[in-house]
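Worksheet: one structure, shown below.
The values are calculated or read from the model by the stated rules, or taken from the named source; none is laboratory data. Computed from a predicted model, the values in this text were never measured in an experiment. Backbone-built Cβ (ideal geometry, glycine too); neighbour counts: all protein chains shown. Quick note on the areas: whole protein, heavy atoms, side chains included, nothing else; ligands and nucleic acids left out. Shrake-Rupley method; radii C 1.70, N 1.55, O 1.52, S 1.80 Å.
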Amino acid sequence: MGASQPKLNSVNMIRPQMDGLPAPLFPDGYSIRPMSLDDIGLWTDIEMDAEPFFAVQPDLFRKAFGDDLAAVPSRCFILIDPRGLGVGTISAWYNRDFYGQDYGRIHWVAVRPAHQGKGLARAGLAYAMRVLAQWHERAYLVTAIERIGAVKLYLDFDFAPDLAPEGARALWSAYAKIHPHPLAEKTLAG
């Protein structure tokens, strides 16, 4: 991470139900496939290429998913371009004890910069949410409030700000002043 990079402020976002999920509409020629353990190097390369805020370490995948590698093929995915090359990642992971309940978790969403702005993250999120809905009644994710595009995408997918953690209300209030969104405003008013 360069000296000019901002400190990231982590926030939780919660989708309390799995109704009304949009269809995954991939751009022409793009698709998604299950990840295998042989893809860990590819996953790491995509994350390294896409991450602007911190240096991705080679052991990140095993730290994030190593407790249940058997679940990787059914919960982790590679976004592929028209040539069949991996250009993004998304995971439909889980947390059996998030606020004392079983939640699905959207985890490690990334798209290589050369493929951003095409709707791949939106399509991948729609796909991963449908996978989560097979096993979970609710979902959450953790992101940085500084990831403006990602936060907007998650709000558009009905992931509401989680105001419970210390300092969360202040972060979301500051965000909503600069980037108004009906769901953020509704959550803050409630």
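At a glance:
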read-out: Test for L21: is it surrounded by 15 or more Cβ atoms within 10 Å (Cβ to Cβ), out of contact with any His (no Cβ under 9 Å at 6 or more places or on another chain), aliphatic (A, V, I, L, M) and in contact (Cβ under 8 Å) with a residue 60 or more places away in the chain; value: yes
read-out: Single match in G149, G104, G190 (criterion: of a type outside the set (S, T, Y) and at pLDDT below 95); value: G190
read-out: Top-ranked residue in the range 64-80 [being aliphatic (A, V, I, L, M) and not in a strand (DSSP E or B); ranked as most open to solvent (accessible area, probe 1.4 Å)]; value: A70
read-out: Options P73, P16: the member that is closer than 24 Å to D162 by Cα and touching a residue at least 12 places away in the same chain (Cβ under 8 Å); value: P16
read-out: Test result for D28, assigned to a strand (DSSP E or B) and either modelled with pLDDT under 95 or surrounded by fewer than 16 Cβ atoms within 10 Å (Cβ to Cβ) (or both); value: no
read-out: Test: residue in the range 56-63 that is of a type in the set (K, R), out of contact with any Cys (no Cβ under 9 Å at 6 or more places or on another chain), more than 16 Å from L125 (Cα to Cα) and assigned to a strand (DSSP E or B); value: no
read-out: Test: residue in the range 181-190 that is open to solvent by 40 Å² or more (accessible area, probe 1.4 Å) and of a type in the set (V, I, T); value: no
read-out: Checklist (1) charged (D, E, K, R); (2) closer than 22 Å to G104 by Cβ; (3) open to solvent by 30 Å² or more (accessible area, probe 1.4 Å) applied to D162, failing item; value: (3)
read-out: Test: residue in the range 31-49 that is under 29 Å from Y175 (Cα atoms) and open to solvent by 40 Å² or more (accessible area, probe 1.4 Å); value: yes
read-out: Selection within the range 167-180 - part of a helix (DSSP H, G or I), surrounded by fewer than 17 Cβ atoms within 10 Å (Cβ to Cβ) and not small (G, A, S); value: R169, K177, I178
read-out: Cβ pairs under 6 Å, 6+ apart, first in the range 141-166 and charged (D, E, K, R), second open to solvent by less than 20 Å² (accessible area, probe 1.4 Å) and at pLDDT 95 or above; value: D158/R15
read-out: Hey, G104 small (G, A, S), open to solvent by 40 Å² or more (accessible area, probe 1.4 Å) and within 14 Å of the chain's Cα centre (by Cα) or not; value: no
read-out: Candidate set from the range 127-146 (those that are surrounded by fewer than 19 Cβ atoms within 10 Å (Cβ to Cβ) and under 11 Å from the mean Cα position of the chain (by Cα)); member that is nearest to K177 (Cα to Cα); value: A144
read-out: Any hit, the range 155-172, residues being out of contact with any Gly (no Cβ under 6 Å at 6 or more places or on another chain) and either among the polar types (S, T, N, Q) or closer than 23 Å to M48 by Cβ (or both); value: no
